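Notes to accompany the following structure.
The values are calculated or read from the model by the stated rules, or taken from the named source; none is laboratory data. Note that this is a predicted model, so its numbers are computed, not measured. Cβ placement follows ideal geometry from the backbone for every residue including glycine, while neighbour counts extend to all protein chains displayed. These accessible areas exclude ligands, DNA and RNA; they are computed on the full protein's heavy atoms, side chains included. Shrake-Rupley method; radii C 1.70, N 1.55, O 1.52, S 1.80 Å.
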Amino acid sequence: MGVDKKIKKFLRDAIRVAPKISNKGELFELRNGLVSQYPQTRKDAIRKIIQQMTSGKDVSSLFPDVLKNIATQDIEQKKLVYLYVANYAETHPELCILVVNTFVSDAADPNPLIRSMAIRTMSMIRVDKILEYIEIPLRKTLVDDNPYVRRTAVLCVAKLFQLNPDLCRELGVLNDLQDALSDDNPMVVANALAALHEINELDPGSIDIKKLVSQNVKRFLNVLNECTEWARITILESLSEHKPIDPMESQEIIDRVVPHLQHVNPSVVLISVKCILIHLPNLNTVHDSIYNKLSTALVSLMSTPVEIQYVALRNIRIILDAFPNLLRKELRIFYVKFNDPLYVKIEKLDILLRLVPVDNLKHCQMLFNELKEYAKDFDHEFVTKAIQSISQLAIKVSNGGEDTNNKFLNMVMEEFVSIVQEREEFRDILMRCVCDMLRYDSDNNLIKETSKNELGAIISSWQDIDTIFTSDLGSCNYIWFITNYTNENLETKLEPLVEVFDELGSLTQMSLLMGVVKCHNAVSSAFLQKILELCTTDVHDLDVRDMAMMYWRCLSIDNGDQIINQLFDKHEIPKLHSTLDHFSKETLQSLLQELSTLSSVYFKPISQMQRRPNEVHIIKDKDIDELKGMATNEILKNMNDDVLLDMGDSSATRSTGVLDELNDLFDITGDMGKVNISQKTNNNNNNTSNSHATDLLDLM
Amino acid sequence: MGNFFSSMFDRLLGAEKELRILILGLDGAGKTTILYRLQIGEVITTKPTIGFNVETLNYKNLKLNVWDLGGQTSIRPYWRCYYANTAAVIFVVDSTDKDRMNIASKELHLMLQEEELQDSALLVFANKQDQPGALSASEVSKELNLAELKDRSWSIVASSAIKGEGITEGLDWLIDVIKEEQM
Ligand SMILES: Nc1nc2c(ncn2[C@@H]2O[C@H](COP(=O)(O)OP(=O)(O)O)[C@@H](O)[C@H]2O)c(=O)[nH]1
Ligand SMILES: [Mg+2]
């Protein structure tokens, strides 16, 4: 019998040695490789499988055979198998039972890399069978001798919390996390902090993060210097959110954070700026030097890649609203470079206007010359912004500056007189700018009559006014100008617009109404009547209609004329001081707190980005009948809710994608960046497995 | 093709071929204890094996790849994932667990029917002989209907993993058979 078997065996081996063309295909061959009696053959097969996996092929059917190779002394092979398991575990939950033992024993392996890899992988596989056995390895690694293992383990607590918060509470590992804040190793401290933040975000009630931070401020400040960039960001972020107990503490924080303003990583710089700015108002005395240092730091952000510059510029825009003293002397750095992308150029213009010191006419003049150059560019949007900036500059200088005889304002006005003639394609913005300046000047009459007359002549000569404007704002300002600064032939000039009345934007309609009513003595009563009729019947905007009704009534009473004149008396109209927009106090406060996050780029606090549940408050103002109607609508809507919810979800997913992409700008490096991201995609199941894969790759 | 070449290289370079040995049996029979008794020569405290352990050991100039698979009912169905290229099966029986002898027997015969295991030798350990009331090797052999086995080299050895008795004897027999039949 023995001989029999030997022959059989020999024959089989002989056949194997011959290169056989398998008709069962590649998977079959790979499987043979995986169960080979030769270690190198197995490893080669695994390599090949991972290659296929990463190129998107489904090699999940090899799961059990790949799994067998997880127990090996060869670290590289182990990593590959871990990668594979992490990727497919959720599609093969039943087979995961086979891997538990290896995870558990790897978490006690002599090699710290393997211990970390094991606990890390275990904590991110969304399979109950695995989580069921996580307790012992997790506890062990949380108190591991090796700091690398500990710092991995603390992050795992956050991951586990995401998968199964109840289990986390049951195991009491949240306490371990809090203990980890007093670890000797800075990375462990930072990771523990990050994990706590993440848990707090997932379930705000579960830990008292504020208290934890305030108890550990000193520790954080101590480890700050020894941390990686990513860990610094985490700590600085926490310190920014921390409410100091007294000015002393703020001072201490600022003192310790200042050195980080010089970091090479722009994220660290920006977050340091934020941390200091937030604590600055708490100080009793602030030295000028701190402003200089902050300015230098912000300037350093202007020598980064353009995308980061853009983020920096958006943040600077917010910062300047709250701290106008910053960057005072740094005007030049924000001058536009010819190769800046448009989005950077536009932001720079905005910053330039805010920065330009109105008490230094020389600088204003320089900026004016610069802006005139920009206005010669070929990019329409940039030129538009440049033209607008010129008028904003003029108003800013005239309003607050030392230019007592208003040379500057008039110089700019003269410039506009010539641009208006030369650059017809920019009529819309030019009308708006000219009118802004005139409105600003309405009270003081600083602008020379000659300029106004010249403008009047040019603008009156324009033909086809129903087509030459491309925006509501353009034609609305045109009407304002015509009705305020020219008196002849009003009807003929306005007639083309009246003819297309129902195509006009509501601003233009309103402007037409007000202009004609104001000049009611200069137009025929038939024309006036026509406008009033149009505005009370053919409009979509209720404000226009109400306004028209009101004027109509005024005009039809005895002393109507007087009332109208009074209404349009320019001294009654609030004066325009600045054409630069500012954030409201509350928005600014939130944005400062959210500097260097996405909201700073959108200029929109996080609270405004989410769908707010306080729509209910609106109902208070409605009366009972309306409420009844709303209730009926609500019920009807709920019947369709399934569909609505689906739609909501898909769009939410899409926007998280964009958020994540942009987030990369902030989380420049570090493995935790990935954790943040995977946390954000956690409702997006397609993504989770991918992010697991990247997580693991990180380890390698 | 890649696999083919790398195995060629393995052979050419004289890379050692590993002999794959499976330790199977119901949960609590002493499989893990036996594996580590072989590997480190000591008794370790075990927990139920959720999945598998695998250790490589050098024994009489051979490189053995010894797999200890979990024996719980929920894991047994996956034993078959491990059958490919198996030189021998060590089946461990808790000789005191009379109630489950029939289950052990059923699992054993079910397993031996597998195509992939037709050429594997079988060693049965009638384990826990140190315990009072343990069935003897021949009693266990009867319970397991080993006599029915045809066309297979098999042997049953009385053992105590705790005391370290019978283990090497069993393995020696197994290695001899493998050497003779498969190499
Ligand atoms: N008395 C005795 N106990 C044993 C013997 N072999 C294993 N055990 C014990 O039986 C239990 C189960 O052993 P284990 O190796 O985990 O069994 P497995 O489930 O087959 O892997 C453990 O408590 C062992 O200490 C033996 O020969 N004698
Ligand atoms: Mg076991």
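Please indicate, with yes or no, whether at least one residue in the range A:76-90 is touching a Ser or Thr at 6+ places or on another chain (Cβ under 9 Å), assigned by TED's automatic domain parsing to the domain that holds A:Y38 and either acidic (D, E) or over 24 Å from A:Q51 (Cβ atoms) (or both). The answer is yes, given that some residue of the range A:76-90 is touching a Ser or Thr at 6+ places or on another chain (Cβ under 9 Å), assigned by TED's automatic domain parsing to the domain that holds A:Y38 and either acidic (D, E) or over 24 Å from A:Q51 (Cβ atoms) (or both). For A:T483, the conditions (1) assigned to a helix (DSSP H, G or I); (2) loosely packed, with under 12 Cβ neighbours inside 10 Å are fulfilled apart from (2).
Against the conditions (1) farther than 21 Å from A:L353 by Cα; (2) modelled with pLDDT of 85 or more; (3) polar (S, T, N, Q), A:S584 satisfies every one except (1). Residues in the range A:521-567 that are polar (S, T, N, Q) and either crowded, with 16+ Cβ neighbours inside 10 Å or closer than 18 Å to A:V500 by Cβ (or both): A:T536, A:T537.
Filtering A:H582, A:H520, A:H540 for residues that are of a type outside the set (S, T, N, Q), touching a residue at least 24 places away in the same chain (Cβ under 8 Å) and closer than 30 Å to A:N315 by Cβ leaves a single hit, A:H582.
The helices (runs of 4 or more DSSP H) located wholly in the range A:212-292 that include 2 or more residues which are closer than 24 Å to A:N325 by Cα occupy A:229-241, A:247-257, A:266-279.
Matching residues to (1) surrounded by fewer than 18 Cβ atoms within 10 Å (Cβ to Cβ); (2) touching a strand residue (DSSP E or B) at 6+ places or on another chain (Cβ under 9 Å); (3) closer than 16 Å to A:I207 by Cβ:
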{"site": "A:R115", "(1), (2), (3)": "no, no, no"}
{"site": "A:A118", "(1), (2), (3)": "no, no, no"}
{"site": "A:M122", "(1), (2), (3)": "no, no, no"}
{"site": "A:V127", "(1), (2), (3)": "no, no, no"}
{"site": "A:I136", "(1), (2), (3)": "yes, no, no"}
{"site": "A:A153", "(1), (2), (3)": "no, no, no"}
{"site": "A:V157", "(1), (2), (3)": "no, no, yes"}
{"site": "A:L160", "(1), (2), (3)": "no, no, yes"}
{"site": "A:C168", "(1), (2), (3)": "no, no, yes"}
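Return a yes/no flag: does the range A:83-93 have any residue that is within 14 Å of chain B (Cβ to nearest Cβ), buried (at least 21 other Cβ atoms within 10 Å of the Cβ) and modelled with pLDDT under 95. Checking the range A:83-93: at least one residue is within 14 Å of chain B (Cβ to nearest Cβ), buried (at least 21 other Cβ atoms within 10 Å of the Cβ) and modelled with pLDDT under 95.
Here is a check on your reading of the model: is B:Q118 within 11 Å of ligand 1 (Cβ to nearest atom), within 14 Å of chain A (Cβ to nearest Cβ) and either out of contact with any Ser or Thr (no Cβ under 6 Å at 6 or more places or on another chain) or among the β-branched types (V, I, T) (or both)? Steps first, answer last, please.
On the way: within 11 Å of ligand 1 (Cβ to nearest atom): no; within 14 Å of chain A (Cβ to nearest Cβ): yes; either out of contact with any Ser or Thr (no Cβ under 6 Å at 6 or more places or on another chain) or among the β-branched types (V, I, T) (or both): yes.
For B:Q118, the condition - within 11 Å of ligand 1 (Cβ to nearest atom), within 14 Å of chain A (Cβ to nearest Cβ) and either out of contact with any Ser or Thr (no Cβ under 6 Å at 6 or more places or on another chain) or among the β-branched types (V, I, T) (or both) - is not met.
A:K48 meets the conditions (1) at pLDDT 85 or above; (2) facing another protein chain (nearest Cβ under 8 Å); (3) open to solvent by 20 Å² or more (accessible area, probe 1.4 Å); (4) part of a loop (DSSP other than H, G, I, E, B) in every case but one. The failed one is (4). When restricted to residues that are under 16 Å from A:F220 (Cα atoms) and open to solvent by less than 10 Å² (accessible area, probe 1.4 Å), the range A:243-301 contains 11.
Looking across A:K575, A:K585, A:K604, A:K518, one residue alone is among the basic types (K, R), farther than 30 Å from A:G400 by Cα and open to solvent by 30 Å² or more (accessible area, probe 1.4 Å). It is A:K518. Here B:V92, B:V124, B:V54, B:V66 are screened, and the one residue that is away from ligand 2 (no atom under 16 Å from the Cβ) and open to solvent by less than 60 Å² (accessible area, probe 1.4 Å) is B:V124.
In the range B:106-121, how many residues are under 16 Å from B:P77 (Cα atoms) and open to solvent by less than 10 Å² (accessible area, probe 1.4 Å)?
Let us first name the residues in the range B:106-121 that are under 16 Å from B:P77 (Cα atoms), namely B:106-117.
Adding the requirement that they be open to solvent by less than 10 Å² (accessible area, probe 1.4 Å) leaves B:108, B:111, B:117.
So the count comes out to 3.
When B:S153, B:S138 are checked against the criterion of being surrounded by fewer than 17 Cβ atoms within 10 Å (Cβ to Cβ) and either within 14 Å of another protein chain (Cβ to nearest Cβ) or out of contact with any helix residue (DSSP H, G or I) (no Cβ under 8 Å at 6 or more places or on another chain) (or both), a single residue qualifies: B:S138.
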